[in-house]
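A short write-up of the structure that comes next.
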Amino acid sequence: MELNDDAEHFPALNFYCDWAAHAVMVKEGAKRIVRRFNEWQKISDEARAGGIEPILDQQLKAALDETTELRRFREQLATYLTRNQLDSSVAADGEKWKAFVEFYAQVVDACPLKCSEPGLQYVDEVIIKFLDLRGINHDEYSITKRQVLTPNQIVSRAPTICAPMVVDFLLF
């Protein structure tokens with residue numbers, strides 16, 4: 001992609017390729033994802049404090065869904081492969097996509113996405129963990145989220161202290 005100057009035309013694909021090549025991601029794509037989860041955590045904490053169910057605005061919900069469902073990655077991979085006259089069935093075929101995601105997950109598993117910038121109050125790092133739960137459910141995959149708190153944060157959870165968030169991709 002870099003040799004052909006295609007990275008700017010395929011930002012999601014470029015991000016996922018970079019992620020596979022780096023143990024820690026601190027580029028803008030990683031920061032954007034961390035900011036999304038920071039906002040999600042803020043809304044969740046505020047709703048919980050008020051005793052209500054969190055309600056996400058549609059734009060944030062769509063951005064989180066896009067991130068957790070790997071939609072743009074899959075779409076851009078298929079387009080890129082087709083454009084370069086390569087076999088795109090890995091992205092087009094559901095079974096091949098599942099197998100691809102399983103192998104990709106092993107590469108990026110626990111490689112954190114980091115963002116250290118002012119204004120983040122809840123999350124400054126997102127760690128993706130892929131959990132293999134095949135045989136339990138036949139869905140393609142499902143996503144859960146959990147925030148990991150340091151011991152100091154467990155004792156006194158202050159909204160100004162950031163914590164890593166672990167996002168579990170469950171492979172079924």
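The values are calculated or read from the model by the stated rules, or taken from the named source; none is laboratory data. Here the structure is a predicted model, which is why all the values come from computation and not from measurement. Cβ atoms come from the backbone with ideal geometry, glycine included; neighbour counts cover every protein chain shown.
Summary of computed values
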quantity: Residue in the range 7-21 that is hydrophobic (A, V, I, L, M, F, W, C), surrounded by 13 or more Cβ atoms within 10 Å (Cβ to Cβ) and out of contact with any helix residue (DSSP H, G or I) (no Cβ under 7 Å at 6 or more places or on another chain) present; calculated: yes
quantity: First in the range 39-66 and over 12 Å from Tyr122 (Cβ atoms), second anywhere and basic (Lys, Arg) and modelled with pLDDT of 85 or more, Cβ under 9 Å, 6 or more apart; calculated: Leu60/Arg36; Ala63/Arg32; Ala63/Arg36; Leu64/Arg36; Asp65/Arg71; Glu66/Arg72
quantity: The range 71-86 - residue that is of a type outside the set (A, V, I, L, M) and part of a loop (DSSP other than H, G, I, E, B) and, of those, nearest to the chain's Cα centre (by Cα); calculated: Asn84
quantity: Residues satisfying the stated conditions in the range 87-107, i.e. buried (at least 17 other Cβ atoms within 10 Å of the Cβ) and not in a helix (DSSP H, G or I); calculated: Ser88
quantity: Number of the condition not met by Glu66 [criteria: (1) touching a Leu at 6+ places or on another chain (Cβ under 8 Å); (2) closer than 30 Å to Leu3 by Cα; (3) surrounded by 12 or more Cβ atoms within 10 Å (Cβ to Cβ)]; calculated: (1)
quantity: Residue list for the range 25-80, restricted to those being in contact with a helix residue (DSSP H, G or I) (Cβ under 9 Å, 6 or more places away or on another chain), among the hydroxyl-bearing types (Ser, Thr, Tyr) and over 18 Å from Val108 (Cα atoms); calculated: Thr79, Tyr80
quantity: Restricting the range 48-59 to residues that are at pLDDT below 85 and part of a helix (DSSP H, G or I), the residue that is surrounded by the most Cβ atoms within 10 Å (Cβ to Cβ); calculated: Arg48
quantity: Pair list, Cβ < 8 Å and 6+ apart or interchain, from the range 17-30 residues that are farther than 11 Å from Lys114 by Cβ to residues that are polar (S, T, N, Q) and part of a helix (DSSP H, G or I); calculated: Gly29/Asn14
quantity: Some residue of the range 108-131 being assigned to a helix (DSSP H, G or I), at pLDDT 80 or above and loosely packed, with under 14 Cβ neighbours inside 10 Å; calculated: no
quantity: Which numbered condition Leu3 fails, given (1) in contact with a Ser or Thr (Cβ under 6 Å, 6 or more places away or on another chain); (2) hydrophobic (A, V, I, L, M, F, W, C); (3) without any contact (Cβ under 8 Å) to a residue 12 or more places away in the chain; calculated: (1)
quantity: Residue in the range 34-46 that is closer than 21 Å to Glu2 by Cα, under 13 Å from the mean Cα position of the chain (by Cα), surrounded by 16 or more Cβ atoms within 10 Å (Cβ to Cβ) and modelled with pLDDT of 85 or more present; calculated: no
